[in-house]
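> Mind having a look at this structure? Questions to follow.
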Amino acid sequence: MKIYIMTHMKCELPIADGYVPLQVGRAIGQDLGYTGDHTGDNISDLNPLFGELTGLYWIWKNDRDSDIIGINHYRRFFAEEDGELLRQSTVEETLKKYDLIAPVQMVGEDSHYETYKKVHNSEDMDAVRAAVKTCYPQYLDTFDAVMNTKEGYYGNLCVMKREVYMSYCEWLFTILFEASKQIDVSGYDAYHKRVYGFLSEPMLKVFTVYNDLKVKEMPVIYTSEKAETKELKAAIGQLLRMGQIEEADQLYHEFVALRPDVRLPASDIRRELPVIEMILYIIKMEKEYGVEGMYEDSQELSELIDNFRKIKEEIISGKCEEVSKELHVSEIARQVILQNLDY
């Protein structure tokens with residue numbers, strides 16, 4: 001068994017039997033001391049377009065002897081029921097009964113197609129559909145059905161029997177390379193240029209459904225937040241310490257518009273960004289109307305988040321008068337929090 005840990009950065013990785021770090025984009029990146037995806041038959045230099053898929057390709061073409069092949073990320077790992085790292089013995093026993101292991105399916109607000117259309121260029125997804133029709137027309141009905149559902153696997157995380165992995169990669173890359181003939185990324189920023197990584201995520205379910213594969217869904221643990229999410233929080237925190245509230249609010253909205261992925265549960269694992277957005281709104285309104293409020297109690301972002309949640313808990317419990325003695329709870333804050341009790 002080899003479960004490859006895809007990484008583009010130096011970080012603390014688990015040391016366990018069967019787990020192998022793999023540096024993706026090694027051909028155009030600094031040597032991190034891990035096995036790289038730049039040897040043998042590879043597409044390592046296409047990492048800005050394919051993301052972790054350059055690692056999947058390298059494994060497909062260069063892993064000669066693994067009976068079981070898996071994909072984890074540097075901060076996302078399959079887990080046992082007790083939350084510990086998935087063990088080799090569990091994998092081996094599971095794959096005696098199943099064809100592959102995949103994450104517990106996520107359910108979006110919209111279909112895969114509509115979600116992609118909101119964040120990316122829908123013409124790229126259309127190019128994938130055309131490629132399916134050209135290369136594997138027997139899959140087209142399944143492709144359409146899956147793209148119009150809200151449920152699916154994510155992150156290209158998987159653990160497969162060797163023959164399943166090899167078949168999946170041949171199918172996936174045939175489609176993506178065909179689609180690339182119609183996709184123009186010249187006007188995309190660095191985030192949207194990772195188009196093939198985004199396009200590939202719903203494809204695992206298409207493949208499993210069409211081939212009637214037995215899938216064991218397992219939980220995924222997150223060991224850290226997405227780097228860009230942490231950077232955004234740190235920048236907002238610094239602006240708040242400097243009293244630059246308008247600038248902090250502007251940075252938040254501009255950054256999220258450019259990188260909507262930073263708000264995803266897999267990126268913002270403490271679910272703080274929606275809270276930060278509300279805090280910035282409350283502080284702006286309190287300043288505009290000359291009302292004493294949250295910013296008088298603290299200028300530290302972590303403390304503002306704690307205070308927000310404390311106020312919310314007291315509102316829910318009906319004891320807001322008690323927290324009001326400790327904190328400046330304005331009517332503006334009360335109304336915003338009341339309207340957003342789900343966060």
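The values are calculated or read from the model by the stated rules, or taken from the named source; none is laboratory data. Not measured: the values here are computed from a predicted model. Cβ atoms come from the backbone with ideal geometry, glycine included; neighbour counts cover every protein chain shown.
> List pairs: first in the stretch 29-48 and of a type in the set (Gly, Ala, Ser), second loosely packed, with under 15 Cβ neighbours inside 10 Å and not in a loop (DSSP other than H, G, I, E, B), Cβ under 9 Å, 6+ apart or cross-chain?
If the second residue must be loosely packed, with under 15 Cβ neighbours inside 10 Å and not in a loop (DSSP other than H, G, I, E, B), the pairs left are GLY40/ASN62; SER44/ILE28.
> Could you tell me which residue of the stretch 211-236 is nearest to the chain's Cα centre (by Cα), considering only residues that are in a helix (DSSP H, G or I) and crowded, with 18+ Cβ neighbours inside 10 Å?
Initial filter on the stretch 211-236 (in a helix (DSSP H, G or I)): 227-236.
Now narrow it down to the ones that are crowded, with 18+ Cβ neighbours inside 10 Å: 229, 232-233, 236.
Numbers: THR229: 11, LEU232: 16, LYS233: 17, ILE236: 21 Å.
If we take residues in the stretch 211-236 being in a helix (DSSP H, G or I) and crowded, with 18+ Cβ neighbours inside 10 Å, then THR229 is nearest to the chain's Cα centre (by Cα).
Each row is one residue, and each column tells you yes or no for (1) among the hydroxyl-bearing types (Ser, Thr, Tyr); (2) crowded, with 18+ Cβ neighbours inside 10 Å; (3) more than 19 Å from TYR222 (Cα to Cα).
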residue: HIS253; (1), (2), (3): no, no, yes
residue: LEU258; (1), (2), (3): no, no, yes
residue: ASP261; (1), (2), (3): no, no, no
residue: ALA266; (1), (2), (3): no, yes, no
residue: ARG271; (1), (2), (3): no, no, no
residue: ILE283; (1), (2), (3): no, yes, yes
residue: TYR289; (1), (2), (3): yes, no, yes
residue: ASP297; (1), (2), (3): no, no, yes
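> Taking the stretch 44-72, which residues are surrounded by fewer than 21 Cβ atoms within 10 Å (Cβ to Cβ) and either outside the structural domain of LYS161 (by TED's automatic domain parsing) or over 15 Å from ARG162 (Cβ atoms) (or both)? Walk me through how you get there before you give the answer.
Initially, the stretch 44-72 is screened for residues surrounded by fewer than 21 Cβ atoms within 10 Å (Cβ to Cβ), giving 45-46, 48-49, 60-67.
Residues satisfying the conditions are ASP45, LEU46, PRO48, LEU49.
> For residues that are surrounded by 16 or more Cβ atoms within 10 Å (Cβ to Cβ) and closer than 18 Å to TYR191 by Cα, scanning just the stretch 13-28, find the one that is nearest to the chain's Cα centre (by Cα).
In the first step, residues of the stretch 13-28 are kept if they are surrounded by 16 or more Cβ atoms within 10 Å (Cβ to Cβ); the result is 13, 18-27.
Narrowing further to those that are closer than 18 Å to TYR191 by Cα: 24-25.
Details: VAL24: 17, GLY25: 18 Å.
Per the criteria, the residue is VAL24.
> May I pose another question? Kindly list, by first and then second residue, each pair from a residue in the stretch 289-308 that is under 20 Å from GLU231 (Cβ atoms) and part of a helix (DSSP H, G or I) to a residue that is modelled with pLDDT of 90 or more and not aromatic (Phe, Trp, Tyr), limited to pairs with Cβ atoms under 6 Å and residues at least 6 apart or on different chains.
Once the first residue is under 20 Å from GLU231 (Cβ atoms) and part of a helix (DSSP H, G or I) and sits in the stretch 289-308, its partners that are modelled with pLDDT of 90 or more and not aromatic (Phe, Trp, Tyr) give LEU301/GLY237; LEU301/LEU240; LEU304/ILE279; ILE305/GLU272; ILE305/VAL275.
> Could you please tell me which pairs satisfy a Cβ distance under 9 Å, a separation of 6+ or placement on different chains, a first residue in the stretch 229-245 that is on the phi > 0 side of the Ramachandran plot, and a second residue that is part of a helix (DSSP H, G or I) and at pLDDT 95 or above?
Correct list of pairs: empty, since none qualify.
> Out of the stretch 101-139, which residues are touching a Ser or Thr at 6+ places or on another chain (Cβ under 8 Å), within 23 Å of TYR191 (Cα to Cα) and not in a helix (DSSP H, G or I)?
Residues satisfying the conditions are GLY108, GLU109, SER111.
> Additional query: Among the residues of the stretch 29-51, how many are closer than 20 Å to ASP189 by Cβ and either small (Gly, Ala, Ser) or out of contact with any Lys or Arg (no Cβ under 9 Å at 6 or more places or on another chain) (or both)?
We begin by selecting, within the stretch 29-51, every residue closer than 20 Å to ASP189 by Cβ; these are 29, 45-51.
Add one more test, that the residue is either small (Gly, Ala, Ser) or out of contact with any Lys or Arg (no Cβ under 9 Å at 6 or more places or on another chain) (or both), and what stays is 29, 45-46, 51.
Final tally of qualifying residues: 4.
> Checking the condition in the same structural domain as LEU56 (by TED's automatic domain parsing) and either without any contact (Cβ under 8 Å) to a residue 12 or more places away in the chain or closer than 27 Å to LYS214 by Cβ (or both), which residue from MET160, MET125 passes? Walk me through how you get there before you give the answer.
Numbers: MET125 fails: either without any contact (Cβ under 8 Å) to a residue 12 or more places away in the chain or closer than 27 Å to LYS214 by Cβ (or both).
Being in the same structural domain as LEU56 (by TED's automatic domain parsing) and either without any contact (Cβ under 8 Å) to a residue 12 or more places away in the chain or closer than 27 Å to LYS214 by Cβ (or both) holds for just one of MET160, MET125, which is MET160.
> Now a separate question. State which residue is modelled with the lowest pLDDT when the search covers only the stretch 140-160 and only residues that are buried (at least 18 other Cβ atoms within 10 Å of the Cβ) and assigned to a strand (DSSP E or B).
Pass one, the stretch 140-160, residues buried (at least 18 other Cβ atoms within 10 Å of the Cβ): 142-143, 146-147, 152-160.
Next, from what is left, pick out any that are assigned to a strand (DSSP E or B): 152, 158-160.
Numbers: GLY152: 91, CYS158: 97, VAL159: 98, MET160: 97.
Step by step, filter the stretch 140-160, then rank; the result is GLY152.
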